[in-house]
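Just below is one structure, and these are the notes that go with it.
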Amino acid sequence: MANEMPDIYDIAIIGGGINGCGIARDAAGRGASVFLCEQGDFAGATSSSSTKLIHGGLRYLEYYEFRLVREALIEREVLLRAAPHIIWPLRFVLPHHKGLRPAWLIRLGLFLYDHLGGRKILPGTKSLDLRRSPIGAPLKQEYTRGFEYSDCWVDDARLVVLNALDAAHHGAELHPRTACTSAERRDGLWHVEVKDSETGQQREIRARSLVNAAGPWVSEVLANRLHVNSSEHTRLVKGSHIVVPSLFEHDRAYIFQNSDGRIVFAIPYEQDFTLIGTTDEDFQGDPKDVHISQKETEYLVSAVSQYLERPLSTDDVVHSYSGVRPLYDDGAGAAQQATRDYVLSLDAGQDGQPPLLNVFGGKITTYRKLAEHALQKLSPHLEGLSGDWTAGATLPGGDFVVGGQADLKSQMLRDYPFLTEAWARRLIRSYGLRSRELLGKAQTLEDMGQNFGADLHAREVDFLMREEWARSAQDVLWRRSKLGLRLTGEEVRALEGWIGSWLDRQEEQLKQAKG
């Protein structure tokens, strides 16, 4: 991290989701001085509420989004190489529904999917006889044919945190729980007022350019904090998911077609669960208040039950979440038809005034390319920036070969004999090579400190607080991990108490340091 705060930053960024943190990382790596503020936790909204896929978007081919699909397909393997600890290949099974899309159309779509993106690592499409394959066992007998293809799984919130970490390693200054309250152009610079929600402290920073990457709040920031009139707007679309106990024992995911033209995924999730989603409906209101409706729950349960031999019930749902996608408003009729492509709108200012870049839309899969394109738009307004660099760069903890998790796990079990296989596997899938930084010199279970449940110990929580900006049980259990699925209410309260004591100690040390 930079030792001293610059008087004037090259770039100020509003928003700490995947796009904001991706742009911060890319810019800092080019030598720019970067300031980023996020009103909540990193990945606190849309970026932790996705279907958690790195995918080309098979269904987008129906809407002729060929440029977006090609870019996303290429990015799958770029990101897989960059973060093989939190991203891994996943095979998807598409049962053929005789009353919906014809088999020839599916085969054509999958042929394009296999060949548009220069696939090298991921295996290609194949046909399945679901009557003979164990993949067909959970399905109703009427589904006799299927197609299997490749995409990737991602821990979405950890992807955001790793981009934030890498941005900080390159010198960016990042401030979660810090809101931009206003910003204005003055004397050739952006003057940005920010407020720390923890301390209440307010300050002004100055920057040569401003990026509005506020996700579902991008239009609100434009109108109410920047006081900029724009003809471009977001279309807020709610997507909801449910989690149920595992519906099948194999490691494939299903993609189910529905008669309304939508598709629903059923994906292996956190070893013991199945993730089902998503819905698509227009959203009105404050994105922070989004939640799944009973209607959405029933829709997802019904959509999956149409295919399963053992139908689901709403009583099977153990967890749910919703997010608001800030899609670019292209005037599409139905929510599921709205473009998933991103739009970068540059307001270059007049008479030497500093530029404003607004980020509309986007997908997790294409965040890195979005960041590259953002810097390409800003570079003419900033001196001395180097060129594109992220395509071959790994994210923190990911500097090992794709498929190398098994070797890492064997080494960790040898060096830390108190670990179980499941525990070592979770650490590697969360932290990769940084697992050793977390474990340090621990040699016994006692060295890991208090156990809050599900192999979450004080040493790991301390690591997340010190190194990854976590400040609450919610940060730890639902964004830095998904262990909220496993801890009891009593265990969560014990964790909250420990975190409160940790924060008190930090505050006391800060007071002493100030004298």
Scan region 210-220 and tell me whether some residue there is farther than 23 Å from Arg30 by Cβ and of a type in the set (S, T, N, Q). yes
Exactly one condition in (1) at pLDDT 95 or above; (2) surrounded by fewer than 19 Cβ atoms within 10 Å (Cβ to Cβ) is not met by Ala332; state its number. (1)
Condition broken by Phe400, with the remaining ones in (1) assigned by TED's automatic domain parsing to the domain that holds Leu485; (2) of a type in the set (Phe, Trp, Tyr); (3) surrounded by fewer than 21 Cβ atoms within 10 Å (Cβ to Cβ) satisfied: (1)
Name the residue, out of Gly117, Gly109, that is assigned to a loop (DSSP other than H, G, I, E, B) and not aliphatic (A, V, I, L, M). Gly117
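I'm checking my understanding of the structure. Among residues of region 3-34 that are surrounded by fewer than 24 Cβ atoms within 10 Å (Cβ to Cβ) and not charged (D, E, K, R), which one is nearest to the chain's Cα centre (by Cα)? Can you show your working first?
Taking region 3-34 as the starting set, the residues that turn out to be surrounded by fewer than 24 Cβ atoms within 10 Å (Cβ to Cβ) are 3-8, 10, 29-31, 33.
Add one more test, that the residue is not charged (D, E, K, R), and what stays is 3, 5-6, 8, 29, 31, 33.
Working: Asn3: 29, Met5: 29, Pro6: 30, Ile8: 30, Gly29: 21, Gly31: 25, Ser33: 24 Å.
Applying the filter and picking the extreme gives Gly29.
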Would you check if there is a residue in region 367-384 being outside any helix (DSSP H, G or I), modelled with pLDDT of 95 or more and in contact with a helix residue (DSSP H, G or I) (Cβ under 7 Å, 6 or more places away or on another chain)? no
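A quick yes/no check of all residues on (1) in a helix (DSSP H, G or I); (2) surrounded by 20 or more Cβ atoms within 10 Å (Cβ to Cβ):
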site	(1), (2)
Trp153	no, yes
Leu165	yes, yes
Ala183	no, yes
Lys195	no, no
Pro216	yes, yes
Glu220	yes, no
Could you give me the residue pairs with C-beta distances under 9 Å whose first residue belongs to region 472-497 and is at negative phi, whose second residue is among the β-branched types (Val, Ile, Thr) and not in a helix (DSSP H, G or I) wherever it lies, and which are 6+ apart or on separate chains? Leu485/Val243; Leu485/Val318
Candidate set from region 380-427 (those that are among the polar types (S, T, N, Q) and touching a residue at least 40 places away in the same chain (Cβ under 8 Å)); member that is nearest to Leu122 (Cα to Cα): Gln405
Which count do you get for residues in region 270-310 that are under 20 Å from His96 (Cα atoms), of a type in the set (Val, Ile, Thr) and not in a loop (DSSP other than H, G, I, E, B)? 3
Which residue, of Arg434, Arg471, Arg466, Arg459, is of a type outside the set (Val, Ile, Thr) and part of a loop (DSSP other than H, G, I, E, B)? Arg471
Considering only region 308-322, how many residues are farther than 21 Å from Pro95 by Cβ and charged (D, E, K, R)? 1
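The values are calculated or read from the model by the stated rules, or taken from the named source; none is laboratory data. Here the structure is a predicted model, which is why all the values come from computation and not from measurement. Cβ sites come from the backbone with ideal geometry, for glycine too, and all protein chains shown count toward neighbours.
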